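The values are calculated or read from the model by the stated rules, or taken from the named source; none is laboratory data. Please read these numbers as outputs of a predicted model, since none were measured by experiment. Glycine gets a Cβ as well: all are built from the backbone with ideal geometry, and neighbour counts include every protein chain shown. Side chains are part of the model used for accessible areas, which takes the heavy atoms of the whole protein and leaves out ligands, DNA and RNA. Shrake-Rupley method; radii C 1.70, N 1.55, O 1.52, S 1.80 Å.
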Amino acid sequence: MELKDFFEKHRQVAVAFSGGVDSSYLLYAAKKYAEKVRAYYIKSDFQPAFEYDDAVRLAKELNISLCVLNVDVFASEKIILNPCDRCYFCKQKIFSAIINQAFKDGFKIILDGTNASDDISDRPGIKALRELKVLSPLRECNLTKNQIRELSKNAGLFTWNKPAYACLATRISCGQIITKEKLEITEKAEAFLMKVGFSDFRIRMLEDKNGDFIAKIEVCQNQFLLLFEKRKEIILELKKYYKQILLNLEVRNE
């Protein structure tokens, strides 16, 4: 099935929009093929500021109405206690907010950007989407991440080469309580690495027995040289927030 065929069957749709590669292309396709579309962005402590900025920019470029919903993730103990299935509870909360508002706006079909490359075998968040009957057209049409990037490039979307970015909460190990301080530190530290030229990386947060924070940096193989070139700058900046700075030698997939 092609996306055009999907939108011929689903004429009026609400798109859960993060500002990332997948949901951006999905929004573009919905604008092109559907009869009516509206984007819904969840603003919470789990999202960094640049994601919101990118979402606003793309919605303006596509001339699509963007509804921004504020969700207090700290109101849910199940999320903040950070169990290994935290994503299930988080997706439940986020998509319930989108569904409630979209229904009020007259939309009965809710879409998300899960694609054919995503491994859904052990993803609690996918279980929540299925329970809420959220549809994933990119996956249904068998579009992989690489294909979506190429299609986005051809469509002129600035997001086509945007690095993958999971929410800030994923930097905190399962079982470690999520706090605003931890999220703010992670956002500042990762913003610094972006500023000095890194992309598609993570700074995981660990804690020692005294409760001090430890940074574990993950980068792609092609950015290891940059890491050592910027080593002193990185240590100087990250030592403002972390007691120790570690490097994960198992490189991220590019």
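Kindly list, by first and then second residue, each pair from a residue in the range 228-246 that is surrounded by 12 or more Cβ atoms within 10 Å (Cβ to Cβ) to a residue that is part of a helix (DSSP H, G or I) and of a type in the set (S, T, N, Q), limited to pairs with Cβ atoms under 9 Å and residues at least 6 apart or on different chains.
241/186
Given the criteria open to solvent by 50 Å² or more (accessible area, probe 1.4 Å) and among the charged types (D, E, K, R), does residue 182 qualify?
no
Provide a single number: the residues in the range 144-169 that are crowded, with 16+ Cβ neighbours inside 10 Å and modelled with pLDDT of 95 or more.
Qualifying residue count for the region: 10.
Which ones in the range 103-116 are loosely packed, with under 15 Cβ neighbours inside 10 Å and touching a residue at least 12 places away in the same chain (Cβ under 8 Å)?
If the condition is that a residue be loosely packed, with under 15 Cβ neighbours inside 10 Å and touching a residue at least 12 places away in the same chain (Cβ under 8 Å), then 105, 106, 108 are the ones that fit.
Sort out for me the helices (runs of 4 or more DSSP H) sitting completely within the range 172-254 that have 3 or more residues that are more than 18 Å from the chain's Cα centre (by Cα) and more than 27 Å from residue 52 (Cα to Cα).
It comes to 224-229, 231-238.
So, of the residues in the range 76-102 that are among the charged types (D, E, K, R) and open to solvent by 50 Å² or more (accessible area, probe 1.4 Å), which turns out to be farthest from residue 173 (Cα to Cα)?
Only one residue tops the list, namely 93.
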